[in-house]
1. From 366, 314, 359, which residue is under 14 Å from residue 110 (Cα atoms), touching a residue at least 24 places away in the same chain (Cβ under 8 Å) and either buried (at least 20 other Cβ atoms within 10 Å of the Cβ) or away from ligand 2 (no atom under 16 Å from the Cβ) (or both)?
2. Tell me yes or no: at least one residue of region 199-218 is in a helix (DSSP H, G or I) and within 13 Å of ligand 1 (Cβ to nearest atom).
3. Do you know which residues across region 48-63 are away from ligand 1 (no atom under 16 Å from the Cβ) and either closer than 24 Å to residue 321 by Cβ or crowded, with 22+ Cβ neighbours inside 10 Å (or both)?
4. Out of 159, 135, 167, 112, which single residue is touching a residue at least 24 places away in the same chain (Cβ under 8 Å), in contact with a helix residue (DSSP H, G or I) (Cβ under 8 Å, 6 or more places away or on another chain) and surrounded by fewer than 23 Cβ atoms within 10 Å (Cβ to Cβ)?
5. Across region 340-356, what is the number of residues that are surrounded by 13 or more Cβ atoms within 10 Å (Cβ to Cβ) and either touching a strand residue (DSSP E or B) at 6+ places or on another chain (Cβ under 9 Å) or not in a helix (DSSP H, G or I) (or both)?
6. Evaluate region 18-41: report whether one residue or more is part of a helix (DSSP H, G or I), away from ligand 1 (no atom under 15 Å from the Cβ) and over 16 Å from residue 254 (Cβ atoms).
7. Enumerate the pairs (first residue in region 394-411 and within 16 Å of residue 425 (Cβ to Cβ) and free of Cβ contacts under 8 Å to residues at least 40 places away in the same chain; second residue anywhere and part of a helix (DSSP H, G or I) and away from ligand 2 (no atom under 16 Å from the Cβ)) with beta-carbon separation below 7 Å, excluding pairs fewer than 6 apart on the same chain, so at least 6 apart or on different chains.
Ligand code: PHE
Ligand code: NA
């Protein structure tokens, strides 16, 4: 086993990890998924539960995952096994690592389709294909982009290829450095859109929609969606953060980095909401429009603002790059596991993973055209990939992680690994033992209808 013989590669200092983890966290989840599911579940109450989940569940889970990665120095499976063995506990707990690895892989197989939308809208922007499209025609443009499997398949295949080339060459570091300018660029674009929104006549409605709620207005399904999205948006329980943590040097503060990643991720999501909903309300569009929401609304804003085409191009360039810094993190667990345990080179690990991924993602892509009728319980294959991972696998994996960290491991293990002062450590322990697991269990029980029987 290579990783126990030679020291594992490490990030260049604290910033390497922060950039990579931020690159992984900030992505389509913030800009595409957060607004559209907020729209579907009715706004404010959803946002509130989501924020509570980020800080009461997400941050403690992230700290635990990084601690597992750094202490175990390996892919989720190997790292968890080593750390539990160190406390004299059963290797069977590494099942949580298996689930995480599978989860990252399944997420990527629908994520490349969405990233493909971003790439294709970049292309449309560049070639003037969106100029003069009216509000009513936006849905038709989105529909037409999906209707042709060759067109949609071209874009999702391109994203799959680019992701695998980057991972296979092991040049993530270079990509992750781009986070240093891409992230500020994305924020500037969002500020621009927000300022535009302030003059669009829909800003007040947007703020009301996002930040006010009637008590009890959120469904059980909405709560589960908010919990699941907290995991998705922070790249948790999918192998990404844990594996990145396995490259983290000893001295870096796990608590501080986790909190900064969570704050940055949340800020980008809220800004995306403030950028998109004014356009929705000013144009009388439906906030519950679904996965096409940003692709139908943002081009309208770019059309109407000065230098709109330039800004539109820049926006979709940055969104596409943000998607890539996330997508490369989703397969890192699988690739590093294949390299450490199965003797694969990085390149062959990436290509083998890529072929399987391409098959599944192609099936997911077909959900928008020829496979639109291949549904089970009203959900397409694409919907199922999203639903299974976000709503169930990730919260379940997160539950396993906090139970391990809080109850199964010897206390000294993570006290030592986190290196916290007594008070913050006690706070973290209370979170992983009680607050996070109870939060997850209450929402699970509610979603399973256990309160209404
Ligand atoms: N956090 C990423 C986003 O918000 C998605 C992601 C999920 C990345 C799981 C890695 C692992 O877009
Ligand atoms: Na995110």
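1. Of the residues listed, the single one that is under 14 Å from residue 110 (Cα atoms), touching a residue at least 24 places away in the same chain (Cβ under 8 Å) and either buried (at least 20 other Cβ atoms within 10 Å of the Cβ) or away from ligand 2 (no atom under 16 Å from the Cβ) (or both) is 366.
2. No: region 199-218 contains no residue that is in a helix (DSSP H, G or I) and within 13 Å of ligand 1 (Cβ to nearest atom).
3. Of everything in region 48-63, those that are away from ligand 1 (no atom under 16 Å from the Cβ) and either closer than 24 Å to residue 321 by Cβ or crowded, with 22+ Cβ neighbours inside 10 Å (or both) turn out to be 49, 60, 63.
4. 135
5. Residues that pass the stated criteria total 1.
6. Checked against the condition, which is being part of a helix (DSSP H, G or I), away from ligand 1 (no atom under 15 Å from the Cβ) and over 16 Å from residue 254 (Cβ atoms), region 18-41 yields at least one hit.
7. 406/429; 406/432; 406/433; 407/433
Residues are listed down the side, and each one gets a yes or a no for (1) in contact (Cβ under 8 Å) with a residue 60 or more places away in the chain; (2) buried (at least 23 other Cβ atoms within 10 Å of the Cβ); (3) within 23 Å of the chain's Cα centre (by Cα); (4) within 28 Å of residue 226 (Cα to Cα):
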position	(1), (2), (3), (4)
330	yes, yes, yes, yes
391	yes, no, yes, yes
430	no, no, no, yes
437	no, no, yes, yes
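The values are calculated or read from the model by the stated rules, or taken from the named source; none is laboratory data. All values reported here derive from a predicted model rather than from experimental measurement. Note: ideal-geometry Cβ built from the backbone for every residue, glycine included; neighbour counts use all protein chains shown.
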